[in-house]
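Below is one structure, written out as structure tokens; the observations come after it.
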């Protein structure tokens, strides 16, 4: 069913869908550029527009801790954060995943300090990439809204029971208004359904323990279970994306292939830059050039098999990282894509571009230059330099 067209910022879209989901508990602490999500939602709580118990805490560490306590007690619980706030949660993120708490966390991507910066890159989210959380990236406000609705269904499934980050790009999406469709309140609540927790710490008839010490005898087995849950999440993400599309007309997958079918070279990237890159792809296609784009939606679980199949026909690929792994070897997305392609008998040449750190703009001309470079890589096979810092002043 088609939704109602509105004009909303990314933050407004996230707050609106949280209202429609009507979680039992939201614990949060403000941080730019995600503050507005919590501010708007707290007004919903104050006005009685939700049944949510809203808890204002003293830090982001406390926010996730309180959210975890609520989730462990059988509540559908959410929180919101960004940047250093997410970093302050890192300690608890590992525990939330290991305890299999299906928390959905709308997160606004922002650079990590230092130097102090409030604008977009993906360093905060990438810092949590091995914490055991599903990670879903959004190109625009519409995707942020849709992804949060789907994340509830994904995380709470018995085969998954993992927390998830659903991200937007700070200021680029969070504070920019665009046209989108929102569903009816009843449609959203019917779609996510009531929450049936696997267990509750507050149930005296079925006592159980969470967070006990776990040494050599069982720790390895429990970590293996966590890894298996992430593996199972991939099929669930695909199933929910198809179901959402059949029901509401907007299908989703692990990634979006844009004009890749007959492409010779292509980009791989995350988030809002895909919108700019699609414009360049269309312009170059009009000039007769066979270029394409793979916009990765799901970074965790990483869809290495599906991505390898989608990119296997290309001659050259540029991975665009909006964060730097600081390992002297490019960004984290580059590591993953290159590894995914390693076992192909015929694989494309791969180069990495680190770009947009701290909110530095990326232009149509920048992306066109990347495609020009890819044409040369495809023709010569030369990938030197392997890592390029795009748009930095030397």
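Quick one: which strands (runs of 3 or more DSSP E) lie wholly within the stretch 191-296 and hold at least 3 residues that are touching a residue at least 60 places away in the same chain (Cβ under 8 Å) and within 23 Å of the chain's Cα centre (by Cα)?
Hits in the stretch 191-296: 265-270.
Can you find even one residue in the stretch 132-142 that is in a helix (DSSP H, G or I), over 10 Å from the mean Cα position of the chain (by Cα) and surrounded by 21 or more Cβ atoms within 10 Å (Cβ to Cβ)? Talk me through it step by step, then tell me what you get.
At the first step, the residues of the stretch 132-142 found to be in a helix (DSSP H, G or I) are 141-142.
Narrowing further to those that are over 10 Å from the mean Cα position of the chain (by Cα): 141-142.
The next check asks that each one be surrounded by 21 or more Cβ atoms within 10 Å (Cβ to Cβ); those that pass are 141.
Within the stretch 132-142, one or more residues are in a helix (DSSP H, G or I), over 10 Å from the mean Cα position of the chain (by Cα) and surrounded by 21 or more Cβ atoms within 10 Å (Cβ to Cβ).
Take the residues in the stretch 308-326 that are surrounded by fewer than 20 Cβ atoms within 10 Å (Cβ to Cβ) and in contact with a helix residue (DSSP H, G or I) (Cβ under 8 Å, 6 or more places away or on another chain); name whichever of them is farthest from residue 166 (Cα to Cα).
315
Among the numbered criteria (1) surrounded by fewer than 19 Cβ atoms within 10 Å (Cβ to Cβ); (2) in contact (Cβ under 8 Å) with a residue 60 or more places away in the chain; (3) over 16 Å from residue 162 (Cα atoms), which one does residue 116 miss?
Evaluating residue 116 over (1) surrounded by fewer than 19 Cβ atoms within 10 Å (Cβ to Cβ); (2) in contact (Cβ under 8 Å) with a residue 60 or more places away in the chain; (3) over 16 Å from residue 162 (Cα atoms) leaves (2) as the failure.
Within the stretch 226-250, work out how many residues are surrounded by fewer than 13 Cβ atoms within 10 Å (Cβ to Cβ) and under 17 Å from residue 160 (Cα atoms).
3
Look at residue 333 and say whether it is in a helix (DSSP H, G or I), surrounded by 15 or more Cβ atoms within 10 Å (Cβ to Cβ) and not assigned by TED's automatic domain parsing to the domain that holds residue 138. Let's see the steps before the verdict.
Numbers: in a helix (DSSP H, G or I): yes; surrounded by 15 or more Cβ atoms within 10 Å (Cβ to Cβ): yes; not assigned by TED's automatic domain parsing to the domain that holds residue 138: yes.
In short, yes.
Of the conditions (1) over 28 Å from residue 225 (Cα atoms); (2) crowded, with 24+ Cβ neighbours inside 10 Å, residue 84 fails just one. Which one is it?
Looking at each condition in turn, residue 84 falls short on (2).
Keeping to the stretch 46-60, report how many residues are within 26 Å of residue 190 (Cβ to Cβ), crowded, with 19+ Cβ neighbours inside 10 Å and in contact with a strand residue (DSSP E or B) (Cβ under 8 Å, 6 or more places away or on another chain).
Within the stretch 46-60, residues that are within 26 Å of residue 190 (Cβ to Cβ), crowded, with 19+ Cβ neighbours inside 10 Å and in contact with a strand residue (DSSP E or B) (Cβ under 8 Å, 6 or more places away or on another chain) number 1.
Across the stretch 350-372, what is the total count of residues that are over 21 Å from residue 172 (Cβ atoms) and crowded, with 17+ Cβ neighbours inside 10 Å? Spell out how you get there, then give the answer.
Going through the stretch 350-372, the residues over 21 Å from residue 172 (Cβ atoms) turn out to be 350-352, 371-372.
Filter again for crowded, with 17+ Cβ neighbours inside 10 Å, leaving 350-352, 371.
Residues in the stretch 350-372 being over 21 Å from residue 172 (Cβ atoms) and crowded, with 17+ Cβ neighbours inside 10 Å: 4 in total.
Has the stretch 376-389 got any residue that is under 24 Å from residue 165 (Cα atoms) and either over 24 Å from the mean Cα position of the chain (by Cα) or at pLDDT 95 or above (or both)?
Applying the first criterion (under 24 Å from residue 165 (Cα atoms)) to the stretch 376-389 yields none.
Within the stretch 376-389, none of the residues are under 24 Å from residue 165 (Cα atoms) and either over 24 Å from the mean Cα position of the chain (by Cα) or at pLDDT 95 or above (or both).
Could you please find all residues in the stretch 61-81 being touching a strand residue (DSSP E or B) at 6+ places or on another chain (Cβ under 7 Å) and over 30 Å from residue 119 (Cα atoms)? Outline the logic, then answer.
Step one: list which residues in the stretch 61-81 are touching a strand residue (DSSP E or B) at 6+ places or on another chain (Cβ under 7 Å), which gives 63, 66-67, 70-71, 75, 77-81.
70, 71, 75 - these are the residues of the stretch 61-81 that are touching a strand residue (DSSP E or B) at 6+ places or on another chain (Cβ under 7 Å) and over 30 Å from residue 119 (Cα atoms).
Could you check, for the stretch 89-104, whether at least one of its residues is in contact with a strand residue (DSSP E or B) (Cβ under 9 Å, 6 or more places away or on another chain) and surrounded by fewer than 22 Cβ atoms within 10 Å (Cβ to Cβ)?
No; the residues of the stretch 89-104 include none that is in contact with a strand residue (DSSP E or B) (Cβ under 9 Å, 6 or more places away or on another chain) and surrounded by fewer than 22 Cβ atoms within 10 Å (Cβ to Cβ).
Rundown of residues vs (1) assigned by TED's automatic domain parsing to the domain that holds residue 281; (2) closer than 21 Å to residue 130 by Cβ; (3) not in a helix (DSSP H, G or I), yes/no style:
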{"residue": "324", "(1), (2), (3)": "yes, yes, yes"}
{"residue": "343", "(1), (2), (3)": "yes, no, yes"}
{"residue": "347", "(1), (2), (3)": "yes, no, yes"}
{"residue": "368", "(1), (2), (3)": "yes, no, no"}
{"residue": "376", "(1), (2), (3)": "yes, no, no"}
{"residue": "382", "(1), (2), (3)": "yes, no, yes"}
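Keeping to the stretch 348-381, report how many residues are without any contact (Cβ under 8 Å) to a residue 24 or more places away in the chain and under 14 Å from residue 289 (Cα atoms).
Residues that pass the stated criteria total 4.
The values are calculated or read from the model by the stated rules, or taken from the named source; none is laboratory data. Note that this is a predicted model, so its numbers are computed, not measured. Because the Cβ atoms are built from the backbone with ideal geometry, glycine has one as well, and the counts that use them run over all protein chains shown.
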